[in-house]
Amino acid sequence: LAATTSAATSPTEYPTSHEQISQPLDTHNFIDNKFVPSNATQWIDLYDPATNNLVTRVPQSTDEEMKQATASAQKAFPAWKAQSVLARQQIMFKYTALIRENWDRLAASITLEQGKTFADAKGDVLRGLQVAEAACGITTDILGSVLEVAKDMETRSYREPLGVVAAICPFNFPAMIPLWTIPIATVTGNTCIIKPSERDPGACMILAELAEKAGFPAGVVNIIHGSAKAVDFILDAPEIKAISFVGSNKAGEYIYKRASENGKRCQANLGAKNHAAVLPDCNKNHALNAIAGAAFGAAGQRCMALSTLVFVGETKDWAPEIAERAKSLKMNGGFEEGADLGPVISPQAKERIESLIASAEKEGATIVMDGRGQKPDKYPNGNWIGPTIIANVTKSMTCYKEEIFGPVLVCLNVPTLDEAIELINENEYGNGTAIFTSSGATATRFQKEIEAGQVGINVPIPVPLPMFSFTGNKKSVAGGGANTFYGKPGIQFYTQQKTVTSFWRAEDAVSTRAKVDMPTQS
Ligand code: NAD
C-alpha cells in the first residue's frame, strides 16, 4: 500500500501484483512536510487500469486545504531563499540518493495506478531522477555574470527565485513530470505546490515523502489534489508566481491563458502527433523494431509516442512487417514477467480510442492489425486495447487529425522525401518527429527543413536528456514555447534576473558638485 498512501516508509514495501487491495486507503494532502488526511466532500475513485479494482480515493482538496498549502509554501520561502545554494545542493544530493533507493517502490506505484509495465515505470522514474541529478549542478549552472562597465563601476547580473511556484501534472508520467518541477524549482530557491494527476498521484506522494526525508524544510514541497477546481485555485492564487503545466491542449490552452491574464509565468507542454518518415534506404530491421516499440510501448500513452508513420516510396508495403513485430509484443498486467504493454488509463480512454479506430474504418482506411477486443486471460476487466495498425490513412481522416493517445499507429503514404517533409510540416503539432534513413545527406536535409522541435535520426523517441531542454513547438506548447522545461531554460523559468550596478571610488567622497548628465558609463 505504500505506493498510494504514505502509510509505509520502507523502500522494500510496495505492491508487486494487481491483487485487489483489501482495504484501500485514501490519498492524503502533503502540507508542511506532513501527510494530512483531507476533509474533502468530493472524492475521485482511482482504479487499477489492469483490473478496475479500487486502489485509493483521491480528494478534491478543499479550499481551506489548498490555502493551507499555499500559506505553508509562502511562509517557507524567505528562509529557503536565504539558504546558500550549497546547502540546497546538499539536500538535492540526498534527494537523488533516496529516489534511487526507492526506485522500485516508485515504479510499483506507477504500474499499479497508471498501468504501464514495471520496466517502463522504472524508466519513468529514471527520466525524472536524471532531472534531479542535473539539478545538483546548480552551483555551476546558476552562475551570474559580472563586468567592469566603467572605471570603478561594475555591473553584476544574477538570478533569484520567484517565490511559490506550482505544477499541474498529467497522468502518463506520474514520477517524471513532477520531477520536471520539484528539483529545479527548489534548488533555485522557490517553494512549490504540486497537483499530480488525480488519476495516479501515488508516485508523487512518495516523492513528497522522500523530499521530507532528504531534508527539505517544511513548506518547500506541498501536494494538493483534485481536478479543474484545484487547477483554478492555482491559477488564481496571487501567492503563486509561476505555473508549469503538462497535459492536453484543452486544459493547457485554458491554463496558459488564465495564468497569463493573472500575470503569472507559465510553461505549458501540450499534445502531439509525432510522425516518422521511413525511407527505403534505412536499416530496415532497426526501423521496424524501433517503430513498433515507440508506437506501442506504454500503450501509446506517451506525448512522444510515435503515432504516425509516413511511408516514403516503396516502404508503403512494410505495414504487415511492422504488424509481425507488434504481434510479438505481449500485452499483460504491468507486474507480469515479460509484459510489453499494459492497459490504457481508463474505460473512457479505451472507448475513445476504439471509436477512433472505428472512424478510420468508416472513412476508408485499412485496418492491418486490430487490437480491439483483445485482453490477457488473467485480467478480463482491464482497459485493454492491443497494438493496432491503420494503413492508407489520409490527412482528412479523423484518426489523423486527432491525438489518439493509445496503442494505435496510423500510416500514410507519400512518393518522395519532399512530400514527407511537407506533410509533417503541415501538421499543427510540433512535438517530435523522426526519420529512418542510412543517408547522412537525407537526414541532414530532414533535420534542417522539418519544423517539429525534437528530431530523431534513426531514434524513434528523441526526448532530450536534462542537460538539454524539452523543445516541442507549434501546437504542442502554449505561448510559442518560450518557456521550455528543464535544462538551462528550466532554471531561467524558475528564476528572475537581478542586475546591480555599483560604483566605488575614493575621490568622490570629497567631490562637491552633482553630475546631472545621463550616465554613459564611458
Ligand atoms: P489532461 O489535460 O487531461 O490533464 C492534465 C492536468 O490538467 C491534470 O492535472 C488535470 O487535473 C488537469 N485538467 C484536466 N482537465 C482540466 C480542465 N478542463 N481544466 C483545468 N484543469 C484540467 O491530460 P492527461 O490526459 O492527464 O495527459 C495526456 C495529455 O498530456 C496528452 O495530450 C499528452 O500528449 C500530453 N502530454 C504532453 C507532454 C509534453 O511534454 N508535451 C508530456 C506528457 C503528456
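Residues of region 44-73 that are basic (K, R) and within 19 Å of Q20 (Cβ to Cβ): R57 alone.
Has region 460-478 got at least one residue that is aliphatic (A, V, I, L, M) and free of Cβ contacts under 8 Å to residues at least 12 places away in the same chain? Within region 460-478, none of the residues are aliphatic (A, V, I, L, M) and free of Cβ contacts under 8 Å to residues at least 12 places away in the same chain.
Within region 331-367, the set of residues being among the β-branched types (V, I, T) and open to solvent by less than 20 Å² (accessible area, probe 1.4 Å) comprises V344, I345, I353, I357.
Among the residues making up region 252-269, those that are open to solvent by 40 Å² or more (accessible area, probe 1.4 Å) and under 21 Å from T471 (Cβ atoms) are E253, Y256, S260, R265. Selection within region 171-194: residues that are among the β-branched types (V, I, T) and within 16 Å of the ligand (Cβ to nearest atom). The member of this set that is nearest to Y95 (Cα to Cα) is I182. Quick one: would you say I457 is buried (at least 20 other Cβ atoms within 10 Å of the Cβ) and either on the phi > 0 side of the Ramachandran plot or of a type in the set (A, V, I, L, M) (or both)? Criteria not met by I457.
The criterion of being within 15 Å of the ligand (Cβ to nearest atom) and more than 30 Å from A339 (Cβ to Cβ) does not hold for G440. Of all residues in region 352-371, those being under 30 Å from T16 (Cβ atoms) and in a loop (DSSP other than H, G, I, E, B) number 1. I'd like to check something: does region 375-382 contain any residue that is in contact with a Gly (Cβ under 9 Å, 6 or more places away or on another chain), touching a residue at least 24 places away in the same chain (Cβ under 8 Å) and within 29 Å of H286 (Cβ to Cβ)? Yes - at least one qualifying residue is present in region 375-382. In this structure, does S197 turn out to be open to solvent by 10 Å² or more (accessible area, probe 1.4 Å) and small (G, A, S)? Considered against the rule, which asks whether it is open to solvent by 10 Å² or more (accessible area, probe 1.4 Å) and small (G, A, S), S197 comes out as no.
If you go through region 446-473 and keep only what is aromatic (F, W, Y) and either touching a Gly at 6+ places or on another chain (Cβ under 6 Å) or within 17 Å of T308 (Cβ to Cβ) (or both), you end up with F446, F468. Across region 314-330, the number of residues qualifying as touching a Pro at 6+ places or on another chain (Cβ under 6 Å) and surrounded by fewer than 16 Cβ atoms within 10 Å (Cβ to Cβ) comes to 1. Just one of the numbered conditions (1) in contact with a Cys (Cβ under 8 Å, 6 or more places away or on another chain); (2) open to solvent by 20 Å² or more (accessible area, probe 1.4 Å) is not true of G373: (1).
Put simply, of T315, T308 the only residue that is over 14 Å from K116 (Cβ atoms) and within 16 Å of the ligand (Cβ to nearest atom) is T308. Out of (1) out of contact with any helix residue (DSSP H, G or I) (no Cβ under 8 Å at 6 or more places or on another chain); (2) surrounded by fewer than 19 Cβ atoms within 10 Å (Cβ to Cβ); (3) not in a helix (DSSP H, G or I); (4) not polar (S, T, N, Q), the odd one out for P11 is which? Evaluating P11 over (1) out of contact with any helix residue (DSSP H, G or I) (no Cβ under 8 Å at 6 or more places or on another chain); (2) surrounded by fewer than 19 Cβ atoms within 10 Å (Cβ to Cβ); (3) not in a helix (DSSP H, G or I); (4) not polar (S, T, N, Q) leaves (1) as the failure. Picking from residues in region 489-515 that are among the aliphatic types (A, V, I, L, M) and loosely packed, with under 10 Cβ neighbours inside 10 Å, the one that is modelled with the highest pLDDT is A514. Residues that are open to solvent by less than 10 Å² (accessible area, probe 1.4 Å), touching a strand residue (DSSP E or B) at 6+ places or on another chain (Cβ under 8 Å) and either more than 16 Å from C169 (Cβ to Cβ) or within 16 Å of the ligand (Cβ to nearest atom) (or both) within region 210-232 comprise G219, V220, N222, I223, I224, H225, G226, A230, listed in sequence order.
A count restricted to region 380-415 and to residues that are more than 16 Å from the ligand (Cβ to nearest atom), within 20 Å of A326 (Cα to Cα) and either surrounded by fewer than 19 Cβ atoms within 10 Å (Cβ to Cβ) or of a type in the set (F, W, Y) (or both) stands at 2. The residue pairs whose first member lies in region 295-315 and is without any contact (Cβ under 8 Å) to a residue 24 or more places away in the chain and on the phi > 0 side of the Ramachandran plot, whose second member is within 16 Å of the ligand (Cβ to nearest atom) and in a helix (DSSP H, G or I), and whose beta carbons are closer than 9 Å, counting only pairs six or more residues apart or on different chains, do not exist in this structure. Going by the conditions given, is T155 among the hydroxyl-bearing types (S, T, Y), assigned to a helix (DSSP H, G or I) and either buried (at least 24 other Cβ atoms within 10 Å of the Cβ) or at pLDDT 95 or above (or both)? So T155 does not fit the description; no.
You will find that of A349, A365, A323, the residue that is within 16 Å of the ligand (Cβ to nearest atom) and aliphatic (A, V, I, L, M) is A349 and no other. Of all residues being outside any strand (DSSP E or B) and open to solvent by less than 20 Å² (accessible area, probe 1.4 Å) in region 158-169, which is farthest from the ligand (Cβ to nearest atom)? Just the residue, please. Only one residue tops the list, namely G163.
Checked against (1) more than 9 Å from the ligand (Cβ to nearest atom); (2) in a helix (DSSP H, G or I); (3) open to solvent by less than 60 Å² (accessible area, probe 1.4 Å); (4) out of contact with any strand residue (DSSP E or B) (no Cβ under 6 Å at 6 or more places or on another chain), L235 passes all but a single condition, namely (1).
Among the residues of region 231-256, the ones that are in contact (Cβ under 8 Å) with a residue 60 or more places away in the chain and among the basic types (K, R) come to 1 in all. The residue that is nearest to the ligand (Cβ to nearest atom), counting only those in region 241-251 that are within 18 Å of G490 (Cα to Cα) and surrounded by fewer than 24 Cβ atoms within 10 Å (Cβ to Cβ), is G247. Scan region 71-91 and tell me whether some residue there is in contact with a Phe, Trp or Tyr (Cβ under 9 Å, 6 or more places away or on another chain), open to solvent by less than 10 Å² (accessible area, probe 1.4 Å) and under 19 Å from A299 (Cα atoms). No - not one qualifying residue is present in region 71-91.
The values are calculated or read from the model by the stated rules, or taken from the named source; none is laboratory data. Since the structure is predicted, the reported quantities are computational estimates derived from the model, not experimental observations. No Cβ is skipped: glycine too gets one built from the backbone with ideal geometry, and neighbour counts run over all protein chains shown. When the accessible area is computed, the model is the full protein with side chains, heavy atoms only, and any ligands, DNA or RNA have been set aside. Shrake-Rupley method; radii C 1.70, N 1.55, O 1.52, S 1.80 Å.
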